[in-house]
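One structure is given here, and the rest of the page talks about it.
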Amino acid sequence: MRCDGTAGLKRQFPGNSMLNFFRSGVSRFLGCLCILLVSSSVVHAVEVIDKVPYSITKAGNYQLASDMEFGLASGAAISITASDVDLDLGGHRLEGTAGDETGAVGITANSQSRITVRNGTVSGFYFGIDFRRKNRDAETSSGHRVIDLTLDRNWYFGIRIEGTDSKIEGCSVQNTGGCARPSHTIPHAVRMVGAGNTLENTDIKNLWLRLWPDDKGEVVGVHFDDALGSVLKNNRIEEQRAAPDETSVEHSSKPRRFAVWINGGPDHNSFLTAEGNTFRGFDVAMAFTKGTDGLVRGNTFIGGETDPIRGAPAAQTSDNKVVLE
């Protein structure tokens, strides 16, 4: 008796039907492969930004083509009105040139989610980066990322993010302050409003303190608000003692320089974990206000007060180091 391994297949696929079956399968496979390749190319397509002002109105990947200047006194160099946007500055500089009395913003979004900005410099604006939300509604703004950016010489805020579960990482925020607009007396390097936010591995230095004729004027390195479950980790925060106009602040009778300020938000419900940070200078390194709590451990405080932490978490501190200069 002869053993033929194809006999069963021939019975199932008589004549040319077996060949047609395999051809059909290969055709379907190649068709699916083409669809996947086309889909992949669409997802990863990059839209080039070759001038400002520029408005991003749909999800996708965007990249700055070159160094760019924005000379208007208001508006934004880049405005984002869509979620799921990745903006790569491509190592370039986005520069505001209108001056310290103007209100232009570098990169802005309102009530969007999952926006990433990375790899470049934003300088010379009223706000360097400003992601806002409506009426503190957590669902309208979340999941933002600001990565590997330099924020330099922005007049009022370096970065403001209103939204939950967002992260700033690997950035340098420097020379923030000096805004000449009336009532804008407390510049911030970074402000994060919302639960579950993280600031990590970021350098903040040279905050400009400007005194006003009515004795107003303060600076804040990092401001957390409504910050339940937020994290401040492995950052370096240093003040600048002299104002750019050399106005003396050494004889002030009240604290004016705050490295970190924590607010409780409308529900008086904030909990901040701060670990592995280095603070240098400041009248107050960490200020926990009403309705806030936290865990402060493994930080180094240099050149400030002997008791650098004010507020509720004094009972939840461990392994911190205070160095007087």
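The values are calculated or read from the model by the stated rules, or taken from the named source; none is laboratory data. None of the values given here were measured: they were computed from a predicted structure. Please note: Cβ atoms are built from the backbone with ideal geometry, for glycine as well, and neighbour counts cover all protein chains shown.
Which ones in region 62-105 are among the polar types (S, T, N, Q) and either touching a His at 6+ places or on another chain (Cβ under 7 Å) or free of Cβ contacts under 8 Å to residues at least 24 places away in the same chain (or both)?
Correct list: 66 only.
For residue 71, indicate whether it is at pLDDT 95 or above, under 20 Å from the mean Cα position of the chain (by Cα) and not polar (S, T, N, Q).
No, not satisfied.
Could you list, in sequence order, all residues of region 186-208 that are under 16 Å from residue 279 (Cβ atoms) and surrounded by fewer than 24 Cβ atoms within 10 Å (Cβ to Cβ)?
Result: 200, 201, 203, 205, 206.
Which residues, counting only those in region 210-241, are in contact with a Lys or Arg (Cβ under 6 Å, 6 or more places away or on another chain) and either surrounded by fewer than 18 Cβ atoms within 10 Å (Cβ to Cβ) or not acidic (Asp, Glu) (or both)?
217, 219, 223
Could you list all residues from region 132-156 that are without any contact (Cβ under 8 Å) to a residue 40 or more places away in the chain, assigned to a strand (DSSP E or B) and on the phi < 0 side of the Ramachandran plot?
Passing the criteria: 132, 145, 146, 147, 150, 151, 152.
Looking at region 157-177, which of its residues are small (Gly, Ala, Ser), in a loop (DSSP other than H, G, I, E, B) and either surrounded by fewer than 19 Cβ atoms within 10 Å (Cβ to Cβ) or free of Cβ contacts under 8 Å to residues at least 24 places away in the same chain (or both)?
Of everything in region 157-177, just one residue is small (Gly, Ala, Ser), in a loop (DSSP other than H, G, I, E, B) and either surrounded by fewer than 19 Cβ atoms within 10 Å (Cβ to Cβ) or free of Cβ contacts under 8 Å to residues at least 24 places away in the same chain (or both), namely 170.
If only one of 104, 76, 82 is touching an Asp or Glu at 6+ places or on another chain (Cβ under 9 Å), small (Gly, Ala, Ser) and surrounded by 15 or more Cβ atoms within 10 Å (Cβ to Cβ), which one is it?
After ruling out the rest, the residue left standing is 76.
Based on this model, can you work out whether residue 146 counts as modelled with pLDDT of 95 or more and crowded, with 16+ Cβ neighbours inside 10 Å?
It is true that residue 146 is modelled with pLDDT of 95 or more and crowded, with 16+ Cβ neighbours inside 10 Å.
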